[in-house]
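*Asks:* A single structure is presented below for examination.
The values are calculated or read from the model by the stated rules, or taken from the named source; none is laboratory data. If you're wondering where the values come from, they're calculated on a predicted model, not measured in any experiment. Note: ideal-geometry Cβ built from the backbone for every residue, glycine included; neighbour counts use all protein chains shown. Note: accessible area is taken over every heavy atom of the protein model, side chains too, but ligands, DNA and RNA are not part of it. Shrake-Rupley method; radii C 1.70, N 1.55, O 1.52, S 1.80 Å.
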Amino acid sequence: MNTPPQSPIRIGALAPLSKPGWDEAGRHLLAGLELAVSDSDIPIELLVRDTAADPDKAAAAVDELADLGVAAIVGEYHSVVARSAAARADALGVPFLCSSAVLDTLTEQPTDWVARIAPAQSHCWQVYADFLLAAGHTRIAVAAQPTVYWASGTRILRARLASRGATLVKVGITAACAGLAASGATALLLLVGTPEPAVPIVKAVRADPRLADLLIGAPAGQPEFAEWADLLGAEGTGIPFLSYLPDRLSPLGARVDAALRERLAGAPSFVAFEGYDTIAVLGEILRAHGTDRKTIAEAWPHVALEGTRGPIRFSRVPGISGSVWQWAWPPVQVVDRDPADPSRIRVLYSAPRS
């Protein structure tokens with residue numbers, strides 16, 4: 001084992017901390033990263049860069065951080081931004097540990113430079129489809145914006161549902177209620193950004209008596225953060241979304257949860273735990289293997305540690321995310337905000353642990 005360095009090790013950190021990025025998610029991610037740095041027994045200095053959900057800005061940040069001599073880069077929440085950062089890190093030979101982006105293809109070609117804490121979309125969105133099927137939904141509508149991320153999610157859901165005899169139908173975003181009333185769907189999935197256009201769609205559906213029994217779903221996690229509850233109140237409850245927390249936190253997870261609540265002045269999202277686990281993994285590698293970039297990249301398959309949400313190991317996942325080293329898998333749940341108490345998150349469905 002290498003002797004721990006005395007001077008701080010520079011680590012680059014990417015997060016959406018301003019609009020049009022999902023800045024609340026970015027703040028949770030950064031809180032987890034910073035808490036883990038403060039808990040680390042080796043000195044780490046985070047060089048934080050705001051991506052603002054801009055792929056070009058993320059790529060430029062990777063260039064800058066590489067020039068500053070960081071040992072590795074961590075973070076990011078938006079999938080298309082993480083993909084841009086991963087591609088640039090791969091090209092420059094800088095280790096990148098992605099915290100919270102799920103799009104399957106982070107790099108076009110297999111690489112040893114990139115690893116990921118979050119589950120791949122093909123895994124977690126199939127779990128969401130299984131939840132819908134278990135709840136008896138066989139005709140599901142989707143309102144989707146035309147981006148790579150939402151298109152990928154639509155394909156995953158359609159394939160999983162079709163394999164079990166269910167149907168996915170598209171409805172327009174601007175006239176969702178009219179399309180829903182004629183579609184025969186029992187559920188509507190919001191594959192759109194927030195607050196626009198997700199919040200207006202929810203308000204319109206909730207106000208339409210024809211759709212009183214319709215389930216609204218948001219697999220990407222729009223209802224996870226406080227902004228959703230602030231804008232929608234009771235109308236934003238009972239909308240299932242994906243979360244990557246276990247049914248019960250370990251002692252480590254419970255301690256981190258308490259510390260994150262203090263930092264965030266509220267309940268931490270799963271994104272904050274992803275941030276903490278990211279630094280825990282990197283700290284383990286730095287402690288055991290040192291700060292050389294190539295050595296760090298070669299260490300992904302040798303990681304073995306207890307994270308806040310379970311034991312973390314990295315592997316190649318054929319057919320899903322084989323281009324990068326992947327934690328397969330973090331816990332995956334479908335949860336919602338409790339209509340009786342919007343501040344409370346209810347677990348509706350848990351994926352079997354592999």
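*Asks:* Write down the Kirkwood hydrodynamic radius of segment 235-323, to one decimal in angstroms, obtained as one divided by the mean of 1/r over all alpha carbon pairs.
*Replies:* 15.1
*Asks:* So, one more: Give the ranking of CYS177, CYS98 by solvent-accessible surface, highest area first, calculated with a 1.4 Å probe.
*Replies:* Output order, biggest surface exposure first: CYS177, CYS98.
*Asks:* Of all the accessible heavy-atom surface of segment 273-314, with the other protein chains kept in place and a 1.4 Å probe, what percent is carbon and sulfur?
*Replies:* Its accessible area is 50 percent carbon and sulfur atoms.
*Asks:* Please compute, over every Cα-Cα pair in segment 188-276, the percentage with a separation greater than 15 angstrom.
*Replies:* Pairs farther apart than 15 Å: 62 percent.
*Asks:* Still on this structure: Residues with amide H under 5 Å of ALA118's amide H, sequence separation 5 or more or different chain, H placed in the peptide plane at 1.01 Å from N; which?
*Replies:* SER100, ALA101
*Asks:* Right, next: Taking the Cα centre of the chain as origin and charging only Cβ (+1 Lys, Arg; -1 Asp, Glu), how large is the dipole, in debye to the nearest 20?
*Replies:* Here the chain has a charge dipole of around 1040 debye.
*Asks:* Can you sort SER7, SER152 by solvent-accessible area, 1.4 Å probe, largest first?
*Replies:* SER7, SER152
*Asks:* Please list, ordered by chain and number, the residues whose modelled amide H lies under 5 Å from the amide H of TYR349; skip anything fewer than 5 residues away on the same chain.
*Replies:* HN-HN under 5 Å from TYR349: VAL334.
*Asks:* Got a number for the accessible area of HIS123? Probe 1.4 Å, square angstrom, nearest 10.
*Replies:* Using a 1.4 Å probe on the heavy atoms, I get roughly 40 Å².
*Asks:* Give me the percent of DSSP beta bridges within the chain that run antiparallel, rounded to the nearest 5.
*Replies:* That works out to approximately 30 percent antiparallel.
*Asks:* Oh, and also: Work out from phi, with θ = phi - 60° and the Karplus expression 6.51 cos²θ - 1.76 cosθ + 1.60, the ³J(HN,Hα) of each residue of segment 129-146, listed in order in whole Hz, and give x for Gly and Pro.
*Replies:* Whole-Hz 3J(HN,Hα) from phi for segment 129-146: 4, 4, 4, 4, 5, 5, 7, x, 8, 10, 9, 10, 9, 9, 10, 10, 7, x.
*Asks:* Restricting to DSSP loop positions (anything but H, G, I, E, B) with no more than 16 other Cβ atoms inside 10 Å of their own Cβ, which trypsin sites (Lys or Arg not before Pro) remain in segment 204-251?
*Replies:* ARG248
*Asks:* Where the Cα atoms of the chain are projected onto their three principal axes, how long is each span, largest first, in whole Å?
*Replies:* 66, 41, 37
*Asks:* In debye, nearest 20: dipole of segment 46-195 around its Cα centre with unit charges on the Cβ of K, R (+) and D, E (-)?
*Replies:* The dipole of segment 46-195 has a size of about 880 debye.
*Asks:* Please report the relative contact order for the chain, taking Cα pairs under 8 Å with a sequence separation of at least 6, and give it as a percent rounded to a whole number.
*Replies:* Once divided by the residue count of the chain, the mean separation gives 20 percent.
*Asks:* Between THR167 and ARG206, what is the FRET efficiency for a Förster distance of 25 Å, r being their Cβ-Cβ separation, to the nearest 0.05?
*Replies:* 0.55
*Asks:* In addition: Over what distance in Å are the Cα centres of segment 103-118 and segment 270-302 separated?
*Replies:* 15
*Asks:* Something else now. Determine ³J(HN,Hα), in whole Hz, for all residues of segment 193-203 in sequence, where each value follows from phi through the Karplus function 6.51 cos²θ - 1.76 cosθ + 1.60 and θ = phi - 60°; x replaces Gly and Pro.
*Replies:* Each residue's phi maps through the Karplus curve to give x, 9, x, 9, x, 4, 4, x, 5, 4, 4 Hz.
*Asks:* While we're on this one: Relative to the first principal axis of the alpha-carbon coordinates of the chain, what is the inclination of helix 55-67, with its axis defined by its Cα atoms, in degrees from 0 to 90 and to the nearest 10?
*Replies:* Tilt of helix 55-67: around 10 degrees.
*Asks:* Shifting gears a bit: At a probe size of 1.4 Å, how large is the accessible area of GLU34, to the nearest 10 Å²?
*Replies:* Per-residue accessible area (GLU34): approximately 70 Å².
*Asks:* Also, I was wondering about something else. Determine the dipole magnitude for segment 31-127: charges of +1 sit on the beta-carbon of Lys and Arg, -1 on that of Asp and Glu, nothing else is charged, the reference point is the Cα centre, and the result goes in debye to the nearest 20.
*Replies:* Magnitude of the dipole: close to 260 debye.
*Asks:* In nm², what is the average projected area of the convex hull enclosing the Cα atoms of segment 84-181?
*Replies:* Mean orientational projected area (segment 84-181, Cα hull): 7.6 nm².
*Asks:* Moving on to the next point. Once Lys and Arg get +1 and Asp and Glu get -1 on their Cβ, which of VAL142, LEU103, THR194 lies farthest toward the positive end of the dipole of segment 90-195?
*Replies:* VAL142
*Asks:* Using the Cα centre of segment 1-145 as origin and beta-carbon charges of +1 (Lys, Arg) and -1 (Asp, Glu), tell me which of LEU92, SER79, ALA13 is placed farthest towards the positive end of the dipole.
*Replies:* Value: SER79.
*Asks:* Continuing with this model, one more query. For THR147 and ASP41, compute 0.36 nm times the residue count separating them, minus their Cα-Cα distance, and round to one decimal in nm.
*Replies:* Fully extending the segment from THR147 to ASP41 adds 34.0 nm.
*Asks:* When we measure straight from the Cα of LYS19, which aspartates and glutamates land under 19 angstrom away, once same-chain ones fewer than 8 places off are left out?
*Replies:* Cross-link targets: ASP50, ASP54, ASP56, GLU76, GLU196, GLU224, GLU227, ASP230.
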